[in-house]
Amino acid sequence: MINVMSFKISIHDDISIADLVDINKRGGVVLKTPHVGNIYPNNLAMAFLGIPMLFYDRTLGKKDFNFHPHKLIVDGKSEILADPNILTSHSVITHISKGFPYPHAVGTKLVDFHMSVLKRSLPQAHCFTYTEYVQKNKHEVLQILEAVTNLHPNLWSL
């Protein structure tokens, strides 16, 4: 017997950023989900205001035209740091940026580089990756995967 818990999604276009900050402070669930990579000011603002940020790290640089995780973008100029064909969660730095002030080395995990720059810039921010979230909640994730597999046993077959 599988217990299925439902939840209700409500779309509100009348909630301000101040409202979201207040909901978060009162213990409600507010979560922004940008991709790992070069972070836009709107995401930096939300992180600065205390909104938790779950960074999705399952992208490919060649397809992620918003965050360009395989690149370093500073002052509107970009440099390729890693192979755009490798999943961001598995990619490593293959090229060093000469003009970037923070140390980074060939072989450093790309996700670690991007997240360390973000955490250095906003040390008070609550930022974590999808990989970190799954690892932290592995027991719950496993239960969900088992329930889905029981309902759809052929889901994982080729």
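The values are calculated or read from the model by the stated rules, or taken from the named source; none is laboratory data. These numbers come from a predicted model, not from an experiment. Counting neighbours? That spans all protein chains shown, and the Cβs are built from the backbone with ideal geometry, glycine included.
Assorted remarks:
For (1) in contact with a Gly (Cβ under 6 Å, 6 or more places away or on another chain); (2) closer than 22 Å to THR131 by Cα; (3) small (Gly, Ala, Ser), each residue gets a yes or a no:
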residue: SER6; (1), (2), (3): no, no, yes
residue: SER16; (1), (2), (3): no, no, yes
residue: ASP19; (1), (2), (3): no, no, no
residue: THR33; (1), (2), (3): no, yes, no
residue: THR59; (1), (2), (3): no, yes, no
residue: PHE67; (1), (2), (3): yes, yes, no
residue: HIS70; (1), (2), (3): yes, yes, no
residue: ILE80; (1), (2), (3): no, no, no
residue: ASP83; (1), (2), (3): no, yes, no
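- Of the residues making up segment 1-18, those that are surrounded by 11 or more Cβ atoms within 10 Å (Cβ to Cβ) and part of a loop (DSSP other than H, G, I, E, B) number 1.
- Any hit, segment 105-126, residues being closer than 30 Å to SER10 by Cα and in contact with a helix residue (DSSP H, G or I) (Cβ under 7 Å, 6 or more places away or on another chain): yes
- If you go through segment 125-135 and keep only what is more than 30 Å from LEU145 (Cα to Cα) and either in contact with a Pro (Cβ under 8 Å, 6 or more places away or on another chain) or modelled with pLDDT under 95 (or both), you end up with nothing.
- Number of the condition not met by ILE93 [criteria: (1) touching a helix residue (DSSP H, G or I) at 6+ places or on another chain (Cβ under 7 Å); (2) closer than 17 Å to HIS35 by Cα; (3) free of Cβ contacts under 8 Å to residues at least 60 places away in the same chain; (4) of a type in the set (A, V, I, L, M, F, W, C)]: (2)
- Considering the conditions (1) within 22 Å of ILE39 (Cβ to Cβ); (2) touching a residue at least 24 places away in the same chain (Cβ under 8 Å), GLU132 is excluded by exactly one of them, (2).
- Options VAL141, VAL134, VAL106; residue that is touching a His at 6+ places or on another chain (Cβ under 8 Å) and β-branched (Val, Ile, Thr): VAL106
- Only one entry of THR149, THR108 meets the criterion of being in contact (Cβ under 8 Å) with a residue 12 or more places away in the chain and of a type outside the set (D, E, K, R), and that entry is THR108.
- Condition check for LYS119: among the basic types (Lys, Arg), touching a strand residue (DSSP E or B) at 6+ places or on another chain (Cβ under 7 Å) and at pLDDT below 95: yes
- One residue stands out in segment 79-99 among those that are at pLDDT below 90 and small (Gly, Ala, Ser): the one that is nearest to THR59 (Cα to Cα), namely SER97.
- Among (1) loosely packed, with under 15 Cβ neighbours inside 10 Å; (2) of a type in the set (Val, Ile, Thr); (3) at pLDDT 95 or above; (4) over 30 Å from LEU81 (Cβ atoms), the one test that VAL21 misses: (1)
- Residues in segment 19-37 that are under 11 Å from the mean Cα position of the chain (by Cα) and polar (S, T, N, Q): 1 in all.
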